[in-house]
Amino acid sequence: MKLTTASLFSLLTALTHSAAIERRQQGDGPSGGADATQGDLGERPPPRFPFPITKFPVANETVVFTSAMYILPGQVFDGGMKRYERVEGSCSEQAEGTDADAVFNLLPGSTIRNVIIGKHQSEGIHALGDAWVENGNMTFLPYKAAN
C-alpha cells in the first residue's frame, strides 16, 4: 500500500484524536461536593503505623543561670531532667542573639543529655561544632530555641 501525503495527514489526525486524554474537571463539584478527581476520604484505611503518643517530661527542679554554661570537649553533662533557664527577661524576642545569650554552649565533642530548656531564655542550646544533644526537651518554643 502506497501512502500519499494526504492520506498520511488524515492518519496522523486520527491518531492524535484517539491518543488525546480526556481532561477531567478540577475543583469542587456541584454544591461543594467532591468531583471525579477526588476520592471518598471516608473509605481510606486507617494508617498502618499509628502516631506515637508523646508525653513531655515534667521537670522536678528549675535551675536559673546568670550566664551561659559551656560544656567542654569530651564532657558529658547530664541535666537530671531539670528545667534550665536564664534570668527572667533575658528573652530578646526575635533579635539575633549570640553564644552569650544561650543557656548551654556545646563545644566540639561534648554531650548534653536529659535537660529541659525553660521559657526564660533567648537562644536555648548552641552547638559550637560537632556535639550531641540526647533527650533534650523544650517546655516553651520561642522564635529560636536551639541553633
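Every number here is computed from the coordinates shown, using simple stated rules; none is lab data. Predicted model, so just to flag it, every value in this text is computed and none were measured. Note that we place each Cβ from the backbone using ideal geometry, even for glycine, and neighbour counts take in every protein chain shown.
Work out the charge dipole of the stretch 62-138 with +1 on the Cβ of Lys and Arg and -1 on the Cβ of Asp and Glu about the Cα centre, then indicate which of ILE125, GLY109, GLY80 is farthest towards its positive end. So the residue we want is GLY80. The label point for THR62 and the one for MET81, both projected 7 Å from the Cα toward the Cβ, are 1.9 nm apart.
Take every Cα pair under 8 Å whose residues are at least 6 apart in sequence, average their separation, divide by the length of the stretch 62-138, and the relative contact order is 35 percent. For the stretch 62-138, a Kirkwood hydrodynamic radius built from all Cα pairs, placed in the Stokes-Einstein relation at 10 °C and 1.306 mPa s, yields a translational diffusion coefficient of 130 µm²/s.
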